[in-house]
Structure formats: structure tokens, C-alpha cells
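The values are calculated or read from the model by the stated rules, or taken from the named source; none is laboratory data. As the structure is a prediction and not an experimental result, all values here were calculated from the model. Note that each Cβ is placed from the backbone with ideal geometry, even for glycine, and that neighbours are counted across all protein chains shown.
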Amino acid sequence: RFEQAEILNRLPEQFFAKLVKKVNAFVKQGVDIINLGQGNPDLPTPSHIVKALQKAADNPDFHKYSPFRGYSFLKEAVAAFYEREYGVKLDPEKEVAVLFGGKAGLVEISPCILNPGDIALVPDPGYPDYWSGIALARAQMHMMPLLAENHFLPDYEQIPAEVLRKAKLMFLNYPNNPTAATATPEFFAETVELAAKHRLLVVHDFAYGAIGYDGQKPISFLETPGAKEVGVEIYTLSKTYNMAGWRIAFMVGNEQVIESINLYQDHMYVSLFGAVQAAAREALLGPQDCVRELVEIYERRRNAFIGRLQALGWQVQAPKGSFFCWLPVPKGYTSETFADLLLEQAHVAVAPGIGFGSHGEGYVRVGLLTDESRLVEAAERMAYVLKKVE
Ligand code: PLP
């Protein structure tokens, strides 16, 4: 009876909804599917954080509206966390914004910065939520290819001068979803230089900030000299502390941009449930053994899965960070036909690279989101199918 507004038609297709449907059709028939297609952490939230939530939920003060823009105790905890983890000093009131999950912040930042017709630079392949905010702002995207030969870092030399003139915003994400690449200090320094020269705002998505392998801790964009003048970083608790269902994240960095996102959010929400904010403080400032254990678990899973694939003759690169593996598809297949083959014949669900942009074609993404023995079984089933088709 009602026609939806034109802006909704501009939103990108939810590619992964299609994948979920396909997987569910198999599961319904009772097929034993190993689902490595989605990015939902399988581990529980550490118990001391859950206990902090339970205790805080008994506090009637937290049953009221929490302050607009979040409790100061939480913003102070974020500042202390950044100083402890990255040596970055933040003003808790001016350089920290509380978000309803990273996804909300990544979508909301575009209408805060972009006018219709402006350009946003977007990594390709990349996390599709960047596209949604840009569409809502009626702005345009310019894709920056992430290629294996450049270690999945964008090559800024390839961006036409005309595009740089109109570009106002650039999204980056390291450790990267989906390629599992990590950034270097040199690359971030080059980014700050480019952004300063072209008056670009850099939005660094640091969702996998805690997950780096082989003893390499991922670097924060804000560690780069000059980064605060040109950028903000989004840090979510979803992956570091397995709190994906809790919906809590932060934006930190440039004071003007923090004010803009806060202003936008003032019109969208009152802040999060106070007890969630209290538990988030415990996550950030409480014992951190759980984070070390989390990284060890993912590293063991990575080694088991990649090791088994390699032993079975599939030459693949081990990821450097995030909890994904980015695997090239064999000749004769697209990312979608190969993902379908794995689902139908190996009963392993993976995400086709094309869902992350046209430069994701030729790859599938595997999430290390089940225990080691299931991952080894997935590798065996996949390698078996691969042998059959080669
Ligand atoms: N950014 C990237 C690259 C992600 O993979 C995710 C989650 O999958 C997010 C951001 C959003 O995380 P959340 O909305 O749970 O904070």
C-alpha cells in the first residue's frame, strides 16, 4: 500500500542474506554443514565481563536514561585503554564518542561528512557497510583495489587527481576484512600525508585491532604522527571481548569529527543501557588475559586449518590478522560458483569474494569461527572437492 522512499532503493543488496538462505536450506534437510561463511564470533564473552553486567543491572540508576553521549566513566576508560594499548592520549570528553556498535558508526559517519555528489574512497574488497552510509548520504564511491601484489594495501598513486579533488572521506580497515592483511607504520604515514594534502577524512575501522598473529600486535591508525588531525578510528568490543550481541563500540580521534558524530547521534538515540556501559568499562580496564587467550585460540585454529590445507596440496597464504582466511579460487570458477561447489559437495559454507566488491572476485573468505577439529575437517572436505575438480 505504501511506496518506499527512493533512498532505500539506493542501498546495496544485502549479499550475505542470500548466502544465509542457501546454507539454511541445507541445514533444514539435516545436512552437517560446517558454516565458515559468516563473521559471528563463536566464543562466549569472558565471565568477569558478564558478571559486571549482572551486577550493574541491579543498580536502579542504570534503569533510567543514560546521559546523552554516554557515561563519563566509560569515555575515561576508553582513553585509558588507548593509552595503555597504543600509547595514544585522548581527551575523554572531546575525542571519544560512544557508538551502538561499529556498524552504526561506520554507516553514520558518511552523512556526517558527505554532501550529495561528494566522493568517498572505499577499499575493494571491503566491508559492505561502508557502501550503505555513502548511499544514504547520496554521495559516490570510488573503489581502491586491494591487490595481493600490494599486500592488500591501496595504491594511492592510482587514484585520479579529479577523484582526489572531490573526495572527502576514505575508509580503511586493518587488520582487514576480508583479506586478513595488516597495515604497516609506513603505509599509515603515507595515508596521513595524502589526507592532509587533499583535506580527506580517514575513517579507520579497527574492528580486528586485537587480532594479530605471529607476535605482531596490530597498530592503531592514531599511533601515526598527525593522524588525529586527519582521522578517526572505530574500535568495537564485538571481536576483542566476544561482545557482538552487546552492541558497543567507540569512535576516537579528531575532535571536530567526534563532535559531528555526537551531534548526529543526539538526534538518533539516547545512549546505551548504562549496565552495558559499566560492563564495557570492566572489559577495557579489567584483566586482559582473556584477550591473549582469544588470540592464541585463533592462532591455533589458523595454524590447524591452513596447515591442513597446505599438507593436502592447496598452496594458501596464512592470514596476518583478523579471524578470516582469504583463499584464491581454482581456475574455471568464480567466487560464487566455487562457494556453491563447496557448499553442495563439501558441505562447507564460505563467503564468495564478490560480495565484498569486484576485486574480491577470485577469492572466498573463510571464518575461523569453529573449533580446531571442525576446521581440520572443513579443510579435508574442501581439499577433497578441490582434488576432484582439478
Ligand atoms: N567492521 C568490520 C570490518 C567488521 O567485520 C565488523 C563486523 O563484522 C564490524 C566493523 C562491525 O562490528 P560491530 O557492529 O559488531 O561493532
Looking at the range 129-178, which of its residues are closer than 20 Å to Val232 by Cβ and either within 13 Å of the ligand (Cβ to nearest atom) or without any contact (Cβ under 8 Å) to a residue 12 or more places away in the chain (or both)?
Asp129, Tyr130, Trp131, Ser132, Gly133, Phe171, Leu172, Asn173, Tyr174, Pro175, Asn176, Asn177
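Residue by residue, here is whether (1) without any contact (Cβ under 8 Å) to a residue 40 or more places away in the chain; (2) within 30 Å of Phe338 (Cα to Cα); (3) surrounded by 13 or more Cβ atoms within 10 Å (Cβ to Cβ) holds:
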position	(1), (2), (3)
Ile34	no, yes, yes
Lys64	no, no, no
Ala77	no, no, yes
Phe81	no, no, yes
Arg84	yes, no, no
Subset of the range 45-61 (residues that are within 16 Å of the ligand (Cβ to nearest atom) and not in a helix (DSSP H, G or I)):
Thr45
Output the number of the condition that Thr240 fails; it satisfies all remaining conditions of (1) within 19 Å of Leu294 (Cα to Cα); (2) within 11 Å of the ligand (Cβ to nearest atom); (3) touching a residue at least 60 places away in the same chain (Cβ under 8 Å).
(3)
In this structure, does Asp61 turn out to be more than 24 Å from the chain's Cα centre (by Cα), more than 14 Å from Glu233 (Cα to Cα) and among the charged types (D, E, K, R)?
yes
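Residues checked against (1) over 18 Å from Glu76 (Cα atoms); (2) within 16 Å of the ligand (Cβ to nearest atom):
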| site | (1), (2) |
| --- | --- |
| Pro225 | yes, no |
| Glu233 | no, yes |
| Ala244 | yes, yes |
| Met251 | no, yes |
| Gln256 | yes, no |
Pick from the range 295-333, criterion of a type in the set (Phe, Trp, Tyr) and under 21 Å from the mean Cα position of the chain (by Cα), ranking: nearest to Ser220 (Cα to Cα):
Phe323
Single unsatisfied condition, Leu284 versus (1) part of a helix (DSSP H, G or I); (2) at pLDDT below 95:
(2)
Considering only the range 1-31, state which residues are assigned to a loop (DSSP other than H, G, I, E, B), surrounded by 10 or more Cβ atoms within 10 Å (Cβ to Cβ) and over 24 Å from the mean Cα position of the chain (by Cα).
Val31
With the structure loaded, tell me whether Tyr264 is surrounded by fewer than 24 Cβ atoms within 10 Å (Cβ to Cβ) and aromatic (Phe, Trp, Tyr) or whether it fails that test.
yes
Scan the range 180-230 residue by residue and report those that are under 10 Å from Ser322 (Cα atoms) and more than 11 Å from the chain's Cα centre (by Cα).
Ala181, Thr182, Ala210, Ile211, Gly212, Tyr213, Pro218
Here's a check for you: in the range 179-208, which residue that is within 15 Å of the ligand (Cβ to nearest atom) and either farther than 19 Å from Pro225 by Cβ or in contact (Cβ under 8 Å) with a residue 60 or more places away in the chain (or both) is surrounded by the fewest Cβ atoms within 10 Å (Cβ to Cβ)?
Ala181
Is it the case that the range 321-341 has a residue that's in contact with a Leu (Cβ under 8 Å, 6 or more places away or on another chain) and in a helix (DSSP H, G or I)?
yes
Restricting to the range 62-120, count the residues that are within 16 Å of the ligand (Cβ to nearest atom), assigned to a loop (DSSP other than H, G, I, E, B) and either outside the structural domain of Gly231 (by TED's automatic domain parsing) or among the aliphatic types (A, V, I, L, M) (or both).
0
Considering every residue within the range 263-271, establish whether at least one is without any contact (Cβ under 8 Å) to a residue 12 or more places away in the chain, away from the ligand (no atom under 16 Å from the Cβ) and not in a helix (DSSP H, G or I).
yes
Is there a residue being outside any helix (DSSP H, G or I), surrounded by fewer than 22 Cβ atoms within 10 Å (Cβ to Cβ), of a type outside the set (Asp, Glu) and touching a strand residue (DSSP E or B) at 6+ places or on another chain (Cβ under 7 Å) anywhere in the range 168-175?
yes
Within the range 351-370, does at least one residue satisfy the condition of being surrounded by fewer than 15 Cβ atoms within 10 Å (Cβ to Cβ), outside the structural domain of Met144 (by TED's automatic domain parsing) and either acidic (Asp, Glu) or free of Cβ contacts under 8 Å to residues at least 24 places away in the same chain (or both)?
no
Inside the range 333-342, can you point out the residues that are in contact (Cβ under 8 Å) with a residue 60 or more places away in the chain and surrounded by fewer than 24 Cβ atoms within 10 Å (Cβ to Cβ)?
Asp340
